[in-house]
1. Return 389, 142 ranked ascending by Cβ neighbour count within 10 Å, so the fewest neighbours appear first.
2. Treat the count of other C-beta atoms within 10 Å as a stand-in for reagent exposure and order 358, 314 from fewest to most.
3. For labels at residue 178 and residue 260 in the simple 7 Å Cα→Cβ model, what's the distance in nm?
4. Can you check how the C-alpha radius of gyration of segment 213-371 compares to 2.2 N^0.38 Å, as a plain ratio?
């Protein structure tokens, strides 16, 4: 208790004691004056409590002056918040939980749907977003950057190394030229060629429908929606990273590494068996040779599941197996080809098409997303006959860090961070 509060209470007690000693029949005027003083002191105590609560970051409820902390303003579960959203929709805005926040947050160049909605509490959204990134073997391996709440794009520069691969004493990496310089001397004064790169956020929207009957069990529905949205976002991002139709000029989708129009970072290797389209051990050796050596330690093989049955039979012609299954003698979590992990993914092309086998270092693929506050996620409810529509929005995009192939010292062969078998080669 503060000194000010103690003084007010002491003054109030003084007037109460004085009234206790008075006879209202003979000292009515004094009795009334003391009661008026007590009332003024009570008003002062209420105002002082409000001031002290604000200084502590608390809010007082007028009825009983009980403090409400920030934690008590939050929903305890996603199910509880979905129930509050449902009630707001049914009442057409007349019964709105005070903990609900209208989704009217705008970023630069961002449009907000006219039907609005309510922003999902950030800790619930965190679960959905984190699960989406964890559930994909490809998404989880990408290099991820967060864009601030006030921006919808990133800008960076790359350095043209096309003329430097053969320069002695020069190393180029990610926009940096490095030289050996003697004491008292400066570096080469030649001007490097820079290229400006811009990547914009795009939007993923997920929609789920729920009947009035399913809304009777909100906790189950909340868990189902959380899992389903995570799986759907993970799948869409995986497909976008592999097959997205974006380009440097059209960023409405990610630039997929297998996208012939948008991706300039892919190396295509002709298969050994062009007619039968059967994958041979030599194909994997050729693909390994086409990858930048510095990418190999982070590389993973991504293969369509229909090819899995043919891999255990692969050998290098000298009975040495190229493929090693997971577990068994290796004890590994993943199957391996030439010592690198194998991931079977349904979003790869069918087994006799270009893109059915990919060797990739996805640390060289950039995903951009809204910052950690995730304010641009929202869930909406609307009636469609006897159904309600839950909608969730995520702003994200992706592209190869450097949308190009690379020159290697003392070689005319181009190499890349992404290599695929090209069955479409004539």
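1. So the ranking, lowest neighbour count to highest, is 389, 142.
2. Placing the least packed residue first, the sequence is 314, 358.
3. So the label points at residue 178 and residue 260 sit 3.9 nm apart.
4. The value comes to 1.24.
FYI, it's all coordinate maths here, none of it is from the lab. It should be emphasised that the depicted structure is a prediction, and the values quoted were computed from it without experimental measurement. Positions of Cβ are generated from backbone atoms using ideal geometry, with glycine treated the same way; all protein chains shown enter the neighbour counts.
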